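Have a look at the structure below before the remarks.
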Amino acid sequence: MTSAFKDVKNFISGKFSKNGHETIPVICPLNGEKISSVPLSGKRDLDEAVDSASKAYGSWSNIPVKERVQVFYRYKTILEKNLKELAELTHIENGKTMEEATAEIEKSIELTEFACSIPQLIPGEVLEVSAGVECRIEHKPLGVVASIAPFNFPHMVPHWTIPNAIALGNCMILKPSEQVPISSNRIAEMLKEAGLPDGVFNVVNGDRKIVEEICDHPGIRAVSFVGSTKIAKIVYIRATSNLKRCLALGGAKNHLIVLPDAHPEMTASNVAASMSGCAGQRCMAASAMVGVGNVDDIINKICEEAGKIIPGKNLGSVISKAAKERIEGYITDAEKQGAKVLIDGRNAVVKGMENGFYVGPTVIDFVKPDMAIAKEEVFGPVISIIRANDLDEAIQIENSSEYGNAASVFTQSGGAARYVMEKASAGMIGVNIGVPVPREPFSFGGWNESKFGVCDITGKSSIEFWTQQKKTTTKWNPEARKNWMS
Ligand code: NAD
């Protein structure tokens, strides 16, 4: 069913670069077939991209912001017009369902819409600080910046950074995930079609090596990273040791605390959707459910809901054979250690797609907090149920996680919900919500080992990350001098 795509290329100075690199195959996870190839770029390619972005920066940053965002108004219309094609591409290169892929592109559109509103959000400040003396503050861009993306949202995660950073006057180099690099070539084409000047947006493909070059490159002022915690730490340390501004988002282990008074149907459908959406490959996915007291009826309903989730129908594939083996390994180890697999997604096969990488929805009960499946990021459609005697024990289990992206509580009690909102150690909290993503204009970002650096990556907080403040003090009238402060 998969169509082959053109070979992925770097995009520098408004043009796709010629081949001549070592390449690796791009595999469609739905059926295991090769659909394209991606170049592994080196220092020379990055030098070229930084040079192109530096040249473009002078004129791009000088255009008034109200004019710069006109590109994104046009770009938003182009995304809307091509929604179906872009969703199909995301579905094929990432393996998520068409419905999820469509939602992903819709989210990219919302992120672009936010960037269009930036002129309304960044007026500076001015105050007469002493007689005849004014101070003003303006948000100025940083220069050439880089954005490094993961595999799980090939279209949306690049849009966490591209529209805001560029609308704010920066020029950008995007390094997509080498597992899903095709969407970024379409993003480049569409930004050009929207009228973005050559060099303002560039794509340099590759793997670890090019990420290291980005962290070391003296021409890059800021680096944003989204990916696993292990690599987020490496990138954050390397980029900041080279005196760059860095924001590095890492992995997650999100807890849902379920109380006996939770609405059974709503809770069951939310838990099942949260753990299985995008085959569990979301940094906001529910991964551990902490059941407080007797929640057996709700667990039965979660199993009923999980039973309606069918690989190849309303459940996509995971990204690779290695990911499938890792996820299934966690399930097997937990079972060996005494956990009870209520719904088993191992060895899932989709008829006609036998070489695809599928894991069915999996519900495991009686998981102990010290098991690997309870502590580590599984990144698959698996929910581990940990039993707690009371709310304080549940909070203690949530708080002991190294991560801190999201946490949710399911209850009808305002007091209990308030308690979890206060005590959970996570940046994004849900009350009766399985995937508590803050939508624009609110910002996205976790705590603890889920994020390194200040600011969040989207919404208003990202404006601080992509700009620096210029403070200007002015005096025009000599007679204004009253004291040493003027
Ligand atoms: P990853 O860390 O393996 O890769 C992310 C990027 O880093 C890719 O572009 C990759 O090429 C590069 N990279 C890989 N190894 C590297 C190395 N050794 N040195 C330098 N760069 C390297 O992540 P992934 O598997 O693509 O994505 C899944 C992870 O991303 C999960 O952990 C998920 O939780 C996380 N994620 C987090 C958020 C968030 O908002 N916190 C959002 C999406 C995904």
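The values are calculated or read from the model by the stated rules, or taken from the named source; none is laboratory data. What you see is a predicted model, and the numbers here were worked out from it, not measured in a lab. When we count neighbours, we look across all protein chains shown, and the Cβ atoms used for this are built from the backbone with ideal geometry, even at glycine.
Computed values, structure above
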read-out: Top-ranked residue of the range 137-175 - restricted to ones that are within 21 Å of S61 (Cβ to Cβ) and part of a loop (DSSP other than H, G, I, E, B), ranked as farthest from the ligand (Cβ to nearest atom); value: G169
read-out: Test result for G132, assigned by TED's automatic domain parsing to the domain that holds G459 and at pLDDT below 95; value: yes
read-out: Selection count where residues are closer than 13 Å to V180 by Cβ and assigned to a loop (DSSP other than H, G, I, E, B), scope the range 25-38; value: 3
read-out: Criterion: modelled with pLDDT of 95 or more, assigned to a loop (DSSP other than H, G, I, E, B) and in the same structural domain as R44 (by TED's automatic domain parsing) - qualifying residue of V211, V180, V223, V235; value: V180
read-out: Selection from the range 194-229 of residues that are in contact with a Pro (Cβ under 9 Å, 6 or more places away or on another chain), more than 7 Å from the ligand (Cβ to nearest atom) and polar (S, T, N, Q); value: N205
read-out: Looking only at the range 265-296, and only at residues there that are within 16 Å of the ligand (Cβ to nearest atom) and outside any helix (DSSP H, G or I), the one that is farthest from the chain's Cα centre (by Cα); value: A288
read-out: Test: residue in the range 242-264 that is assigned to a helix (DSSP H, G or I), more than 10 Å from the ligand (Cβ to nearest atom), in contact (Cβ under 8 Å) with a residue 24 or more places away in the chain and over 20 Å from P381 (Cβ atoms); value: yes
read-out: Selection count where residues are surrounded by fewer than 24 Cβ atoms within 10 Å (Cβ to Cβ) and more than 20 Å from L86 (Cα to Cα), scope the range 173-198; value: 2
read-out: Tally of residues being within 20 Å of the chain's Cα centre (by Cα) and either buried (at least 20 other Cβ atoms within 10 Å of the Cβ) or assigned to a helix (DSSP H, G or I) (or both) across the range 402-425; value: 6
read-out: For G459: the one exception among (1) more than 10 Å from the ligand (Cβ to nearest atom); (2) in contact with a Gly (Cβ under 7 Å, 6 or more places away or on another chain); (3) not assigned by TED's automatic domain parsing to the domain that holds H263; value: (2)
read-out: Verdict on A232 being closer than 30 Å to E402 by Cβ and in contact (Cβ under 8 Å) with a residue 24 or more places away in the chain; value: yes
read-out: Selected residue [within 16 Å of the ligand (Cβ to nearest atom) and out of contact with any Leu (no Cβ under 8 Å at 6 or more places or on another chain)] from A426, A374, A480, A388; value: A426
read-out: Search result, residues across the range 436-456 that are within 12 Å of the ligand (Cβ to nearest atom) and under 17 Å from L111 (Cβ atoms); value: V437, P438, S443, F444, G445, D456
read-out: Members of the range 395-447 found to be free of Cβ contacts under 8 Å to residues at least 12 places away in the same chain and not polar (S, T, N, Q), listed by number; value: G414, G415, R418, E422
read-out: Number of the condition not met by I433 [criteria: (1) surrounded by 14 or more Cβ atoms within 10 Å (Cβ to Cβ); (2) in a helix (DSSP H, G or I); (3) away from the ligand (no atom under 14 Å from the Cβ)]; value: (2)
read-out: Candidates I397, I383, filtered to the one that is of a type outside the set (G, A, S), under 22 Å from the mean Cα position of the chain (by Cα) and not in a loop (DSSP other than H, G, I, E, B); value: I383
read-out: Residue within the range 450-465 that is basic (K, R) and closer than 30 Å to R136 by Cβ present; value: yes
read-out: Residues located in the range 107-120, provided they are buried (at least 16 other Cβ atoms within 10 Å of the Cβ) and out of contact with any Ser or Thr (no Cβ under 8 Å at 6 or more places or on another chain); value: K107, S108, I109, T112, A115, C116, I118
read-out: Top-ranked residue of the range 358-372 - restricted to ones that are part of a loop (DSSP other than H, G, I, E, B) and touching a helix residue (DSSP H, G or I) at 6+ places or on another chain (Cβ under 8 Å), ranked as surrounded by the fewest Cβ atoms within 10 Å (Cβ to Cβ); value: K368
read-out: Single match in D333, D297 (criterion: in contact (Cβ under 8 Å) with a residue 40 or more places away in the chain, touching a helix residue (DSSP H, G or I) at 6+ places or on another chain (Cβ under 7 Å) and acidic (D, E)); value: D333
read-out: G32 being surrounded by fewer than 16 Cβ atoms within 10 Å (Cβ to Cβ) and outside the structural domain of A323 (by TED's automatic domain parsing); value: no
read-out: Among (1) more than 27 Å from K308 (Cβ to Cβ); (2) polar (S, T, N, Q); (3) in contact with a Lys or Arg (Cβ under 8 Å, 6 or more places away or on another chain), the one test that N448 misses; value: (3)
